1. How about the range 418-437: which of its residues are part of a helix (DSSP H, G or I), crowded, with 19+ Cβ neighbours inside 10 Å and of a type outside the set (A, V, I, L, M)?
2. Applying the selection to the range 374-395, what residues are at negative phi, crowded, with 16+ Cβ neighbours inside 10 Å and in contact with an Asp or Glu (Cβ under 8 Å, 6 or more places away or on another chain)?
3. Only residues that are out of contact with any helix residue (DSSP H, G or I) (no Cβ under 6 Å at 6 or more places or on another chain) and under 15 Å from residue 214 (Cβ atoms): list them for the range 169-193, please.
4. If residue 193 satisfies every condition in (1) closer than 27 Å to residue 424 by Cα; (2) not in a loop (DSSP other than H, G, I, E, B) but one, which is the exception?
5. When you scan the range 129-142, do you find a residue that is hydroxyl-bearing (Ser, Thr, Tyr) and farther than 17 Å from residue 238 by Cβ, even just one?
6. Given the conditions (1) at pLDDT below 95; (2) among the basic types (Lys, Arg); (3) open to solvent by 60 Å² or more (accessible area, probe 1.4 Å), report the number of the one that residue 7 does not fulfil.
7. If you scan the range 253-273, which residues turn out to be in contact with a helix residue (DSSP H, G or I) (Cβ under 7 Å, 6 or more places away or on another chain), open to solvent by 30 Å² or more (accessible area, probe 1.4 Å) and without any contact (Cβ under 8 Å) to a residue 40 or more places away in the chain?
8. Among the residues that make up the range 166-178, is at least one of them under 26 Å from residue 57 (Cα atoms), modelled with pLDDT of 95 or more and of a type in the set (Asp, Glu)?
Amino acid sequence: MERIDGRGDAQTRQLTLVPNFVETADGSCLITAGKTRVICTASVEEGVPPFLRGEGRGWVTAEYAMLPASTGRRKARDGIKKDGRGVEIQRLIGRSLRQAVDMSLLGERTITLDCDVLQADGGTRTASITGAFVALVMAVHKLMQNGLIDKNPIIAQVAAISVGVVDGRPMLDLCYQEDSRAQTDMNLVMNQRGEFIELQGTGEGRPFTNRELNRLLDLGRAGVRAMMRAQREALRGMGDWLLPPRRVVVASGNAHKLKELGDIFGGMVELISMKDAGFEGDIEENGTTFEENAVIKAEAVSRATGLPALADDSGLSVDALDGAPGVYSARYAGDHGNDQANNDLLLKNMEGVTNRACRFVCAMALALPGEETRVLRGECPGELLHQRAGEGGFGYDPLFRYHTGKTFAEMTEKEKNAVSHRAAAAAKMRGVLMEAL
């Protein structure tokens, strides 16, 4: 059954971010999420609150208000006594966006984020956080352009989204009609590392189950990624270079592979190991193809960590052996990762064989919570030698000769990373990462 506005359960509302909407502000953004519209401005003032004076640190704070006509029936303006709901929301905005800034690099100055709701149709607090982050970065960019600060104080990208259970269905980005009858209402504020800054969840109509919670978290993570993509696009040329890279877990315990992928992606994303992400379990790679194994690993790590996970399954395919060692490359001789034994067995099985054509194959998968897993393939053709050559690399590198005449073990890391099967798959994955994260 379709939602009120025709979206699927996992779809965000139509989103637009218009930077520089208020030209007199140090930073500004008009955010529109469905029918919700919020003007977010950032104003920089010299000086900090009394409790921070003399410490050389800055401060980020926020104010939030709904304009009188924002809900259809006129809402009285805030006076000396502010609306309690508004105070709670502006505190949420302030503490969320303080997580984005290293105050010690801001100097003794205050950035005030004003979020004024023009039209409310649900999700005003999450829209305010997402839009105010854009205004904040623009204000910091202006400070740096004017030479008032010389180091980037932006340490995290921050965005927010709402999720809920409506009529028994977990849904993303609720409009007012959905929110008003939600059995579970939840707001997520997250950073680009996939960490929670704030998680507000209430079982309003009934308690919610662990299964529903996990589904809501997956939907929320996907929604936050969509918000962050829109933020980066809005900030293009106006501070996008200040944003830290997105975090991705590499679903492998192989230090060589982690370093190789780090060199290939060149800072485009922040790659961390499974261990650093808190995943230490074993993954049963029982697929019959490189693609199946890559997907198994990526999805297992993503499910366990809640983070985007990148996995590859790589190996050597020898024509004369009908593609062997193939998916068993790392355990060809029985013990996983015993390079010497694997190479010895391969040479033995190829004794007297004249057809030495082979190729390294890499299937690379990107698993994203709440979204479909993407998988791509890269290959590098070569020739299998009769004996090892070279001291570098790992695995079958000493036996694999590229068309330049060098084995992978004789190449420098830079040379290998420019032509390898993993590089071919990663080149395709770069575009997917740009679109997906």
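1. Passing the criteria: 421, 422.
2. 375, 377, 389, listed by residue number.
3. 169, 171, 184, listed by residue number.
4. Only one criterion is unmet by residue 193, namely (2).
5. no
6. Result: residue 7 passes all but (3).
7. Within the range 253-273, just 271 meets the criteria.
8. Start the filter on the range 166-178 by keeping residues that are under 26 Å from residue 57 (Cα atoms), which leaves none.
There is no residue in the range 166-178 that is under 26 Å from residue 57 (Cα atoms), modelled with pLDDT of 95 or more and of a type in the set (Asp, Glu).
The values are calculated or read from the model by the stated rules, or taken from the named source; none is laboratory data. This is a predicted model, so every value here is computed, not measured. Positions of Cβ are backbone-derived with ideal geometry, glycine not excepted, and every protein chain shown enters the neighbour counts. Just the protein is used for accessible areas: all its heavy atoms, side chains included, with ligands, DNA and RNA removed. Shrake-Rupley method; radii C 1.70, N 1.55, O 1.52, S 1.80 Å.
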